[in-house]
Structure formats: C-alpha cells, structure tokens
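Structure record follows, encoded as structure tokens.
Laboratory data are not the source of any read-out in this text; all were calculated from the coordinates shown. Predicted model only: the values in this text are computed from it and were never measured. Glycine also receives a Cβ, built like all others from the backbone with ideal geometry; neighbour counts cover every protein chain displayed.
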Amino acid sequence: MNPIINQIGTIFIPVRNVENARNWYCDILGLESNGEILFGHLFIVPMIGTGIVLDSKIYSEDTIFKSPVFHFNTDNIEQAFEYMKSKNVELTTGIEHNHWFNFKDPDGNHLMVCQC
C-alpha cells in the first residue's frame with residue numbers, strides 16, 4: 001500500500017498582507033471575511049474540496065504564481081467573467097475557448113476560472 005494518497009489537501013498562496021488578501025478572496029468568493037488570521041500570517045479560506053491557505057510568511061516576488069496552478073470552478077463562464085470585471089479584478093485574458101479565463105489577485109498571483 002502506498003503511503004501517499006492521490007489527493008490534494010491544501011494550496012498555499014503567497015500574499016503580501018494576509019488581512020487584505022483575506023478580505024479580497026472572501027469578497028470574490030462571496031464569503032464572510034471575519035475569519036481568524038492564524039499565527040499572524042495564515043488565513044484558511046473556507047472552500048468546498050481542496051483548501052486554500054493565504055500565507056504572508058512565504059510571500060516574495062519570486063514565490064508568486066506566474067501561471068495558474070489551479071482553477072476556481074464555475075457553472076457559467078460568461079457570468080463569472082462579467083462578475084470579476086464588476087469587481088475590478090485584473091483580467092489577464094478574455095474568455096478562452098468558451099471555457100476559461102485568467103486573472104491576477106492584488107499580489108500578482110496568476111489564477112484561473114474554468115467552467116466545469
């Protein structure tokens with residue numbers, strides 16, 4: 001039996017200011033932003049499935065995501081794109097192949113939304 005499970009537990013995202021990042025991520029995900037910041041540098045974003053931890057201790061220009069390493073799911077890519085535009089999120093692509101688009105968080109991490 002292999003001791004490593006084929007399952008992703010949590011993705012750590014490097015952020016400059018964990019409180020600002022908490023507020024931004026909770027806003028775009030429609031979550032309450034009153035969650036506790038742990039140890040002065042960590043915030044666990046309440047997610048369905050694979051977790052996200054915002055971590056200001058690991059932030060540097062070298063550690064930000066230069067290309068998406070995961071995607072947020074959506075059932076309606078056009079609606080998601082317009083929603084992100086309305087939030088003044090920095091979009092780095094248009095909707096590609098009627099299926100996905102990329103954007104940046106305020107710390108410069110490249111992220112993706114993809115229609116399942």
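Quick rundown of the values:
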read-out	value
Residue that is farthest from Val15 (Cα to Cα) [pool: residues in the stretch 103-116 that are under 11 Å from the mean Cα position of the chain (by Cα) and not in a loop (DSSP other than H, G, I, E, B)]	Val113
Out of Gly30, Gly49, Gly35, sole residue that is without any contact (Cβ under 8 Å) to a residue 24 or more places away in the chain and either more than 24 Å from Phe101 (Cβ to Cβ) or among the aliphatic types (A, V, I, L, M) (or both)	Gly35
Some residue of the stretch 42-56 being loosely packed, with under 14 Cβ neighbours inside 10 Å and charged (D, E, K, R)	no
So Val45, is it on the phi < 0 side of the Ramachandran plot, touching a Lys or Arg at 6+ places or on another chain (Cβ under 9 Å) and aliphatic (A, V, I, L, M)	yes
Candidates Ile5, Ile64 - the one that is without any contact (Cβ under 8 Å) to a residue 60 or more places away in the chain, surrounded by 11 or more Cβ atoms within 10 Å (Cβ to Cβ) and not polar (S, T, N, Q)	Ile64
